[in-house]
2 protein chains.
Amino acid sequence: MHTARRRAPWHKGEGPVKLYTFWRSLATYRVRVALRLKGVAVETVNVDLLQGDQHRGDYLDVNPQKVIPALVLDDGGLPLFQSMAILEYLEEVYPNPPLLPADARGRARVRGLSQIVVSDSHPLSVPRVRNFLTQRFNFDETQLNTWIAHWQTEALRALEAHLSRDPATGRYCHGDSLTLADICLASQAVAAGFFKLDLAPYPTVARIAAACFAQDAFAREHPLRQPGAPATLAH
Amino acid sequence: MHTARRRAPWHKGEGPVKLYTFWRSLATYRVRVALRLKGVAVETVNVDLLQGDQHRGDYLDVNPQKVIPALVLDDGGLPLFQSMAILEYLEEVYPNPPLLPADARGRARVRGLSQIVVSDSHPLSVPRVRNFLTQRFNFDETQLNTWIAHWQTEALRALEAHLSRDPATGRYCHGDSLTLADICLASQAVAAGFFKLDLAPYPTVARIAAACFAQDAFAREHPLRQPGAPATLAH
């Protein structure tokens, strides 16, 4: 595992944290975007999921679930785990800019949109699932692509349906300010790029994703701009 | 869809809500337990997932993602969706008894444990996934059982590892009071029962699950005690 220290201009001095990350991890992308939006500096530790770093002993001590992200605080306690839990933590501890609406109903909507991605789409296409399908059930590349495209498409359809029917949708998923839902939607859009899915049938998703990627935090933390990312993708 | 009104003794008069539910749905079980713990009365509407009610037009208007739960508030707005989003909403609007710890790190831990179930285990074994594996990839019952057991086991191992190593674990997942993590753990334990997985290799999980099921809310809302549930299970 390789360690790199990130510094200014986005370090506002809230105290260091350490993030276990990998260029391709969409869950970690979500956390990186939130950290950058909130101006929180992190030391990053690379966990190469494609090389199996997550199964090695030193990482098992960090997160025995063998997944990333994991966020180490400076209080000496055990690392935080699971991207949504970390996003909620960051929102509580670094409230500016807010990434949840001020009202309970709005927060429920933002969390619901987020969970469509975090629970019902992303966990079905992660490396451990792809590996199990190919190694245990002998899925070939065509079958694997069918599997991935199906669940990605289901999530995109669900997001589009919820966003397009609700007047609460604005420039972003919920009104005209960024929320956790936009971070999750952006990670879904990155996945669509990885798996070569066209966003055109989902115009509201595509519009909001474009608005996100026009923002510095989303663009600079994009998986393909991270150390170790390939120049071209062959999933 | 069948409608039934639930009444006292657990109605404390916070105003009616309507929950779309199904006996077998573990995501809805989580919401029902929280509603009962907080003494919130709900009207329930049955959505028979095994009969495909979730794909019918009247339910698509409720939740275009075609999944349950969905929670209708009495403010005339669109239904809330996704179990974790609904749990967080209930926690905010009905704060007693609290189901999240008082400190940010504790909340992050409880949410992280919850997401191991809600994101990384449950969505891999739901009816839509089982149906896709059997209908599109011709999985037979043995293959399907292998698939389900693998992801259930991964989640149980992850929960056990996180719970057993952390002194924050108490009578329940986080200290000696119930939290959202216990609700999620209990739903994972119900799934283990559905799929005939032994909890003995996960003694902390098994101990906490037993403590939960000894509580009235968890016992009375158990999937096998709901209308429509079979006397014996043949998944």
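All of the numbers you see were taken from the coordinates with simple rules; none came from a lab. Keep in mind it's a predicted model, so treat the numbers as computed, not measured. Positions of Cβ are generated from backbone atoms using ideal geometry, with glycine treated the same way; all protein chains shown enter the neighbour counts.
Of all DSSP beta bridges located in the protein assembly as shown, what percent are antiparallel, nearest 5?
55
Translational diffusion coefficient, Stokes-Einstein: compute it for the range A:159-235 using the Kirkwood radius over C-alpha pairs as Rh, at 20 °C and 1.002 mPa s, and state it as an integer in µm² s⁻¹.
For the chosen part, D equals 164 µm²/s.
Points 7 angstrom from Cα along the Cβ direction at B:SER177 and B:GLU43: gap in nanometres?
Using points 7 Å along Cα→Cβ, the separation is 3.3 nm.
Suppose we consider the axis relating copy A to copy B; can you name the residue of A with the nearest Cβ and state that distance in angstrom as an integer?
Reported as residue, whole Å: A:SER119, 2.
Checking a compactness column here: for the range B:3-97, what do you get for Rg(Cα) / (2.2 N^0.38 Å), N being the number of residues?
For the range B:3-97, the normalised Cα radius of gyration comes out at 1.02.
Taking loop as defined by DSSP and a crowding limit of 15 other beta carbons within 10 Å, which trypsin sites (Lys or Arg not before Pro) in the range A:39-134 fit?
A:ARG56
Need the list of lysines near A:LYS18 for cross-linking: C-alpha distance under 22 angstrom, and skip anything on the same chain fewer than eight residues off.
Of all the lysines, those that pass the test against A:LYS18 - Cα under 22 Å, at least 8 places apart if same chain - are A:LYS38, A:LYS66.
In whole angstrom, note down how far apart the Cα centers of the range B:174-235 and the range B:32-56 are.
Distance between centres, Cα-based: 17 Å.
In the Gaussian network model of chain A, springs joining C-alpha atoms below 10 Å, which of A:ALA85, A:ALA155, A:ALA181 carries the largest mean-square fluctuation?
Judging by the Gaussian network model, the answer is A:ALA85.
Taking only DSSP H segments of four or more residues, each worth -39500 (n - 2.57), what value at 222 nm results for chain A once the sum is divided by all its residues, to the nearest 500 deg cm²/dmol?
So the calculated ellipticity at 222 nm is -15000 deg cm²/dmol.
Based on the Kirkwood radius over alpha-carbon pairs, what is the Stokes-Einstein translational diffusion coefficient of the protein assembly as shown at 20 °C with 1.002 mPa s viscosity, in µm²/s?
95
Where the label is 7 Å out from Cα toward Cβ, how close does A:SER177 come to the same position in every other copy, in nm, shortest first?
Nearest first, the other copies' label points are 2.9 nm away.
Where does the range A:104-224 land on Rg/Rh, using Cα atoms and the Kirkwood Rh?
Result for the range A:104-224 is an Rg/Rh of 1.00.
Can you pull out the trypsin sites (Lys or Arg not before Pro) in the range B:151-181 whose DSSP state is coil and whose Cβ has at most 16 other Cβ atoms within 10 Å?
Filter output for the range B:151-181: B:ARG171.
With charges only on Cβ, +1 for K and R and -1 for D and E, what is the dipole size of chain B about its Cα centre, in debye, rounded to 20?
It comes to approximately 280 debye.
Between copies, how far does the label point of B:GLY52 sit from its twins, in nm, shortest first, when each point is 7 Å from Cα along Cα→Cβ?
Nearest first, the other copies' label points are 4.4 nm away.
Between copies, how far apart are the B:THR232 label points? List them in nm, one decimal, shortest first, with each point 7 Å from Cα toward Cβ, please?
6.0
If you project the alpha carbons of chain A onto the principal axes, what extent comes out on each, in Å, largest first?
48, 46, 31
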